[in-house]
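*Asks:* Handing you this structure, nothing more for now.
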Amino acid sequence: MIIRFSRRALPAAVAAALLAGCTGSGGTDTASTASATAPSPATTPTPTATPTPTPTPTGAADPALKAFYGQQLNWAPCADDPATKKVDESAVQCATLKVPLDYAHPAGDAIDVALSRIPSARPDQRVGSLLVNPGGPGGSGVRMVQTGQTDYDGPLHDHFDVVGFDPRGVGRTSPVNCLDDKARDGWLTTDEPGDAHGKTLADACQAKYGKALPFLGTRDTVRDMDVLRGALGDEKLNYLGLSYGTYLGSIYAEEFPDRTGRLVLDGATDRSVPLIQHNIDQQAGFERAFQEFAADCVKQKGCPLGKDPDKAAQKLAGFLDGLKDHPLTATNGRTVTANAAWTGVIDNLYGGEKARADLRAILTLAMEHDKGDYLLTLADDYNKRDEQGHYGVSADAYTAIHCADAAMAPTDAELQAALAELAAKAPLISKHNPLSALFDPDCRTWPFRSAEKPHTVKADGSAPILVVGSTGDPTTPYAWSEKLAAGLAHGVLLTREGDGHTAYGRSACIRTAVHTFLVDGTVPAAGTRCPTD
């Protein structure tokens, strides 16, 4: 079962709502039902800002990097994509940032980092730039800004130039695209991955991008972020990172603690443990969400899982696993494998309670009418496959970045212990293919071994860092946000009570607290908890 749980921050339906609340104080606030310390538009003063001059690049101490930090960015209207009929990308500005491929040898090859920007709506109140990242690894910050341009209206658009960037290997920044569309169709959906499954991708990536692969890790990207900070003319980095984007933000704080401005890390991922343990914990989060969906389904009219809450989850898992031997056929002739169906279900679980009605309807069609088209559509959404059968680069970027960040060579004893823990914590969703669930992605045959080691990020000397966690997040469990905030020397935890992945797009109370922190630096009171909208 090749389910890339953390490959992106949000499915399409949730991503559309991610920044929908960025309109001042968030409209009707529900903070009155949260902790007494939760901020409220009625009591929170309007954020103030100190204007900054036109950006002047700020250089680095290393003379070899001076030219990179001092470069001028040539902003121009982005090229409009006619395929996105409801969005005019040319209303946003685009540019490229030149950075060294290898920071140990900055005079060698250079690469271009793709950028997009929405300039501050009120230049006289401009605080500086705000970098944003949607997660993944593999999510495009350029697209996040281009397609969500009007969603930043309010405090963020007023006081910041909102800047998106594509990390290395992603989008338009040295994209990694190792398999052709036909090969990827089979590679992503097969129910029989086999021992060589991971090696197939590793060999293809090595053949096409072998020189670049060692330099696609998170630490290289945070070096790029600091060069971007300098080129934008900001003395400090202001940042909003979601899901995997929290790892980018925390490693930036570890590398450059004295250059941290106001960092918000929403939906923390836990990289203080080996990737196998990370995957076990993540699978456990989805197991809980899967069980909760099934238990809720039997309470609703027309649920295809029957009426017994004790049997509903098992019935659904049995149906999905059964597609391995009895797959469905979509109207376009494609096969709905067990792997594809599981991927589609997991995709929906990102959305939490609000997405359950859609999943009930989709499962009813599949289970009672043998129509698996919409399950396949969910899987395509997750895998970034368009209607013409073309894939984006996020799948390979996900693997390349993870493998550059984490060595994976467990002993036989470690593997057996991990399989036992996985079976105990996620028995239903891991049964289809437990090895693929553990090795997500499979870095065992990757062309090189990362030197990165799991560790707690402390970032001594940083400014306060706001960590936001959701109690029912299935993708990045709440315990991870608690752990990150506790490990940081100056971490502050802000909590959303509710399910679904990440908090910022799901709570006016959270948005108000985040806006106030980013604009004027006010840190939420310890223990602040917010409701879901």
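*Asks:* Condition first: surrounded by fewer than 21 Cβ atoms within 10 Å (Cβ to Cβ) and in a loop (DSSP other than H, G, I, E, B). Can you find one or more residues in the stretch 128-142 that meet it?
*Replies:* No, that holds for no residue.
*Asks:* Sticking with this one: Could you say which residue among Tyr244, Tyr239 is crowded, with 24+ Cβ neighbours inside 10 Å, touching a Lys or Arg at 6+ places or on another chain (Cβ under 9 Å) and over 30 Å from Pro123 (Cβ atoms)?
*Replies:* Only one candidate qualifies: Tyr244.
*Asks:* Pro175 is checked against (1) under 17 Å from Gln206 (Cα atoms); (2) in a loop (DSSP other than H, G, I, E, B); (3) open to solvent by less than 40 Å² (accessible area, probe 1.4 Å) and fails just one. What number does that condition carry?
*Replies:* Exception for Pro175: condition (3).
*Asks:* Being among the β-branched types (Val, Ile, Thr), more than 19 Å from the chain's Cα centre (by Cα), assigned to a helix (DSSP H, G or I) and at pLDDT below 95, is that true of even one residue in the stretch 189-199?
*Replies:* yes
*Asks:* Okay, moving on. Looking only at the stretch 481-507, count every residue that is open to solvent by less than 10 Å² (accessible area, probe 1.4 Å), out of contact with any Lys or Arg (no Cβ under 7 Å at 6 or more places or on another chain), closer than 24 Å to Asp347 by Cα and not hydroxyl-bearing (Ser, Thr, Tyr) and tell me the total.
*Replies:* Matching residues across the stretch 481-507 total 1.
*Asks:* Shifting gears a bit: So, Gln206, is that one open to solvent by 20 Å² or more (accessible area, probe 1.4 Å) and in contact with a strand residue (DSSP E or B) (Cβ under 6 Å, 6 or more places away or on another chain) or not?
*Replies:* When the stated conditions are applied, Gln206 does not pass them.
*Asks:* For Arg229, which of the numbered conditions (1) over 20 Å from Ala114 (Cβ atoms); (2) among the charged types (D, E, K, R); (3) crowded, with 24+ Cβ neighbours inside 10 Å fails to hold?
*Replies:* Single failed check for Arg229: (1).
*Asks:* Another question about this same structure. Can Thr475 be described as polar (S, T, N, Q) and open to solvent by 50 Å² or more (accessible area, probe 1.4 Å)?
*Replies:* The answer is no for Thr475.
*Asks:* Under 8 Å between Cβ atoms, which residue pairs at least 6 apart in sequence (or on different chains) link something in the stretch 191-206 that is farther than 22 Å from His326 by Cα with a partner that is of a type in the set (D, E, K, R) and open to solvent by 50 Å² or more (accessible area, probe 1.4 Å)?
*Replies:* Gly198/Arg444
*Asks:* Which pairs do you get when a residue that is more than 11 Å from Gly461 (Cα to Cα), found in the stretch 246-259, comes within reach of a residue that is open to solvent by 10 Å² or more (accessible area, probe 1.4 Å) and in a helix (DSSP H, G or I), reach meaning Cβ atoms under 7 angstrom, with the pair 6+ apart or on two chains?
*Replies:* Filtered contacts from the stretch 246-259: Thr246/Leu484; Ser250/Leu484; Ile251/Arg219.
*Asks:* Could you grab me the full set of residues in the stretch 395-407 that are open to solvent by 10 Å² or more (accessible area, probe 1.4 Å) and either modelled with pLDDT under 90 or in a loop (DSSP other than H, G, I, E, B) (or both)?
*Replies:* Correct list: Ala406, Ala407.
*Asks:* Please report, ordered by residue number, the helices (runs of 4 or more DSSP H) entirely within the stretch 298-374 with at least 2 residues that are open to solvent by 50 Å² or more (accessible area, probe 1.4 Å) and either farther than 24 Å from Trp187 by Cβ or at pLDDT below 95 (or both).
*Replies:* Fully inside the stretch 298-374 and qualifying: 312-322, 356-369.
The values are calculated or read from the model by the stated rules, or taken from the named source; none is laboratory data. Worth saying up front: this structure is predicted, and the values here are computed from it rather than measured. Positions of Cβ are backbone-derived with ideal geometry, glycine not excepted, and every protein chain shown enters the neighbour counts. Areas reflect the complete protein model, heavy atoms only, side chains present, ligands, DNA and RNA absent. Shrake-Rupley method; radii C 1.70, N 1.55, O 1.52, S 1.80 Å.
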